[in-house]
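For reference, the structure discussed in these notes is given below.
What follows is calculated from the coordinates using simple rules that are stated; it is not laboratory data. A quick note: this is a predicted structure, and the numbers were derived from the prediction, not measured. Cβ coordinates were reconstructed from backbone atoms using ideal geometry, including for glycine residues, and neighbour counts include every protein chain displayed.
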Amino acid sequence: MLDIIENYPYLCYEDDKLQIQQKEIEAIVENKASPFFLFLLQRFQENVLEIKSKLGKHIPDLFISYAAKANYLGRILQESHKLDLGIEAMSLFELKLAEKAGVPFNKIVLNGPAKTFDELSYAITNKISHLNVESLNEIKQVEKIAENQELVQKITVRIHPKLKDTTERKLLIKKNSKLGIDYYRGIKLFEYAKKSPHLDPIGVHTHVGTNLTSHEFYDELLGFLNEYVTDLEDKLAISLSEINLGGGLASRSTLEKEGFQLEKLGEQVSTKMDDIENKKIIFEPGRYLIEDSFVAITKVLRTKKSWGRKWAFIDVGANTLIPMRYSHYSVVPTIFKGKGHYTNIGGPLCLPVDILSDEAVNFEIEEGDLLVVLNCGAYTISMSEQFGYPRPAIYQLTKKGLTELIKPADDMNQMINDSFYLS
Ligand SMILES: Cc1ncc(COP(=O)(O)O)c(C=O)c1O
């Protein structure tokens, strides 16, 4: 029997045994210590092609910039670069990662509410083309650095859009958050930049959250942005050539489940924004590209029953599978042994939040079983901590079905030595 898991075309069961990208699970786990992560390069590549082709149908000048913060493994950045994506970075560390992956500075977007002088200088000296600013003091520092370098720095202003109260309430990044600047003060930044011989205000940027699945939301956002751009033209004679819509799209699997269509989003952009032929439209997806391109393989260490519940404890915990409001971790068995008791899945940490999801699974689980956790690519490894345990190794599943180590597990002895550094 061949059973494909809905919305995860790379997973299927043959005779109740899991295959990932047509590769049998036994061959994948062979000679590897549990737990480990697996980067599904093919899925990542398909996600990139999907977003580029679907949005690109209606957007003539589209620039997709992968948000490194979602998962900054070197291999992912290199693959993004090979697929002609830019990189969205938020720190000197991420700038240097992008550089090491071979990404030129004209394809790097730099964001952040409190970039340091060093970060700004590094970016400007290297002739970064997409610099988002969000405060008057920052814009003045950028101006100073550009003046010292005798150049004109292009800038984009990150604003928080004006949206209906009902829409605002649903956003992760709300209007009084620390990120971006209100649209009125944003105008002041444009005004300041326009007068400076060392600044060239070319665009507007906005990013209001993650896991977005609503076409109505984009209608509203794009409507606001179009008015904002028109206002800048009418009142300040500033003509913008870049509209950066930020990140925030839900993963491809989630969008497909929710019936959200990227092609329709492209169409929304092209119909809502005036003069689309003369505007570069930027997206900075992280979650969309990487969330479902990663799985974790984990062993059941212990089971127990308590307060009427069955628990299974796996050997990967909330120190790498960070529990976030928008996490979508879910578990499937490597060998399906039939339906069983509803079982809650927890990690090994002594923390009540160290549970994989609120949903129990109902397949047979015993100690020693191997399970696969889906949707582990976004904001896991990049946010992981050495809380109680070393972080797991990361392998890549190649197109030929081979596994390749791309990041070793933390070395426990090294962790112990570091802890006693001064002793
Ligand atoms: C400015 C900016 N762009 C893009 C992203 C990526 O968001 P997502 O992973 O939801 O696509 C983030 C995430 O925090 C961000 O802050």
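Points worth noting:
- Inter-centroid distance (Cα atoms) of the range 366-422 relative to the range 276-312, Å: 15 Å
- Sequence of Phe37, Phe93, Phe44, Phe420 once ranked by neighbouring C-beta atoms within 10 Å, starting from the fewest: Phe420, Phe93, Phe44, Phe37
- With each label modelled as a point 7 angstrom along the Cα→C-beta vector, the Leu351-Thr125 pair spans 3.8 nm.
- A simple count of charges around Leu189, restricted to other residues whose Cβ falls under 12 Å of its Cβ and scoring Lys, Arg +1 and Asp, Glu -1, yields +1.
- Viscosity 1.002 mPa s, 20 °C: Kirkwood-radius Stokes-Einstein D of the chain over Cα pairs, µm²/s: 93 µm²/s
- Percent antiparallel among DSSP beta bridges (both partners in the range 225-344, rounded to 5): 55 percent
- For the chain, share of DSSP beta bridges that run antiparallel, in % to the nearest 5: 50 percent
- Compactness of the range 322-414 - radius of gyration and Dmax, Cα, Å: 15.0, 42
- Annotation: the residues Ser34, Ser80, sorted from fewest to most other C-beta atoms within 10 Å of their own C-beta, follow the order Ser34, Ser80.
- Fully extending the segment from Met412 to Gln261 would add 49.8 nm, taking 0.36 nm per residue of separation and subtracting the current Cα-Cα distance.
- Among Leu151, His207, Ile87 - extreme Cα towards positive end, dipole of the range 85-216, charges at beta-carbon: His207
- The base-10 log of I(q)/I(0) for the range 111-285, evaluated at q = 0.11 Å⁻¹, reads -0.47 [Debye formula, identical scatterers on Cα atoms, solvent excluded].
- Taking every C-alpha pair closer than 8 Å and separated by at least 6 residues, the mean separation divided by the residue count of the chain gives a relative contact order of 19 percent.
- Put in order of Cβ neighbour count within 10 Å, fewest first, the listed residues Asp369, Asp61, Asp292 become Asp61, Asp369, Asp292.
- Size of charge dipole - the chain - debye, nearest 20, with Cβ of Lys, Arg +1 and Asp, Glu -1, no other charges: 560 debye
- In units of the compact-protein estimate 2.2 N^0.38 Å, the range 1-100 shows a Cα radius of gyration of 1.34.
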